[in-house]
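To start, the structure itself, in structure tokens.
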Amino acid sequence: MARSAILNVMVQAAMKAGRSLARDFGEVQNLQVSLKGPGDYVSQADKKAEEIVYTELRRARPDYSFLMEESGVVEGSDSQHRWLVDPLDGTTNFLHGIPIFAVSIALERQGQIVAGVIFNPAMDELYTAERGGGAFLNDRRLRVSGRSKLVDSVIGTGVPHLGRGDHGNYLLQMRNVMAEVSGIRRMGAAALDLAYVAAGRLDGFWEEGLSPWDIGAGIIMIREAGGFVTNLDGEQDVIESKVIVAGNEAIQRALLKTLKKPV
Ligand code: IPD
Ligand code: CA
Ligand code: CA
């Protein structure tokens, strides 16, 4: 598998930040039992990972712009190119010692996502995709699942919680979906949820209220693996969407229909 120069830069940045997170994750497990807990430590680990990604990407492409979860917007002189960076997706998992978290980096060119990298250092899983070049897990080419019926499908989701999301609306969606599928998973890291759809582990996924840095890399991963990603109205432009619905062609379509079923 040949990677372009820019994808290599993204991979280096994600792996360097991921290794830093992995070291800090070891410490979090020790702090878990302390009175103060690991909260502050995790937020430092998060910021450190973002600093690493920023430094690596900036060095390679000094002019590009950034949208980062922790530091926000950094306008570069090249506004056609923008990095979307989530240095630690799955913070709550990380904080609780659950090894499901990732670094997620996407590159936009003129508003289109052209490359994505998602790295889970705890499992040593590196997901990469470039427009027109396919999606990969380490060196293996990815393909979305071949299941065509909801009844056979495992669907991922993000469950709103205290202070987040529209609980009433979500319960209606969940009621519809749970009645029709063979399983539902809440993994706790949206970037990895989308990577799992690309890898055919999850047959579909939906979540409300995600941000561009959560989904940028995952969107291209799924599309390059032959899958579909839209908002609740079936529109392709999802980066600023409130709800994202993903899956292989049949499951994505069925999931859209099920989510909107009147109750
Ligand atoms: C969160 C995770 C989670 C999703 C939340 C996100 P963070 O990102 O992706 O799975 O349900 O909506 O905010 O805060 O861990 O980077
Ligand atoms: Ca996130
Ligand atoms: Ca984050």
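Observations on the structure shown:
- The range 150-259 - Debye-derived log10 I(q)/I(0), Cα point model, q = 0.13, 0.14, 0.19, 0.20 Å⁻¹: -0.39, -0.46, -0.89, -1.00
- Ligands, DNA and RNA left out, the 1.4 Å accessible surface of the range 150-259 is 52% carbon and sulfur atoms.
- Multiplying each eigenvalue of the alpha-carbon gyration tensor of the chain by 5 and taking the square root yields semi-axes of 28, 23, 17 Å, largest first, rounded to whole angstroms.
- Highest to lowest packing among 159-171, 216-228, scored as the average C-beta count within 10 Å: 216-228, 159-171
- Dipole moment magnitude, nearest 20 debye, the chain about Cα centre, only Lys, Arg, Asp, Glu C-beta charged: 660 debye
- Considering only beta bridges that DSSP places wholly inside the chain, some 75 percent are antiparallel.
- Within straight-line reach of residue 149, meaning a Cα separation under 30 Å, sit the following lysines at least 8 residues removed in sequence or on another chain: 242, 257, 260, 261.
- Shape summary of the range 5-141, radius of gyration then Dmax from alpha carbon positions: 15.2, 51 Å.
- Paired Rg and Dmax values of the range 217-263, which use every Cα atom, in angstrom: 10.5, 35
- Taken as Cα centroids, the range 110-127 and the range 222-263 sit 20 Å apart, rounded to the nearest whole angstrom.
- Backbone geometry of the range 242-253 corresponds, through the Karplus equation with coefficients 6.51, -1.76 and 1.60 at θ = phi - 60°, to 3J(HN,Hα) couplings of 7, 10, 10, 10, 9, x, 6, 4, 5, 6, 4, 5 Hz, x marking Gly and Pro.
- Charge sum, other residues only, whose C-beta stays under 15 Å from residue 124's C-beta, Lys/Arg counted +1 and Asp/Glu -1: +2
- Rounded to the nearest 20, the size of the Cβ-charge dipole of the range 150-259 about its Cα centre is 300 debye, with Lys and Arg at +1 and Asp and Glu at -1.
- DSSP-defined beta bridges in the range 150-259 - what % are antiparallel, rounded to 5: 55 percent
- The residues of the chain expose, per residue, 45 Å² of accessible area to a 1.4 Å probe.
- Sorted on the mean count of surrounding Cβ atoms within 10 Å across their residues, most packed first, peptides 175-184, 200-209 read 200-209, 175-184.
- Per-residue packing, averaged as other Cβ atoms within 10 Å, sorts the ranges 58-65, 103-110 into the order 103-110, 58-65, beginning with the highest.
- Note on the range 5-141: with charges restricted to the Cβ of Lys and Arg (+1) and Asp and Glu (-1), its dipole about the Cα centre is near 280 debye.
- Computed helical MRE - 222 nm, the chain, DSSP H runs ≥ 4 contributing -39500 (n - 2.57), nearest 500: -12000 deg cm²/dmol
The values are calculated or read from the model by the stated rules, or taken from the named source; none is laboratory data. The shown structure was predicted, so the numbers you read here are calculated from the model rather than taken from an experiment. A quick note on method: Cβ atoms are made from the backbone with ideal geometry, for glycine too, and the neighbour counts reach across all protein chains shown. Just the protein is used for accessible areas: all its heavy atoms, side chains included, with ligands, DNA and RNA removed. Shrake-Rupley method; radii C 1.70, N 1.55, O 1.52, S 1.80 Å.
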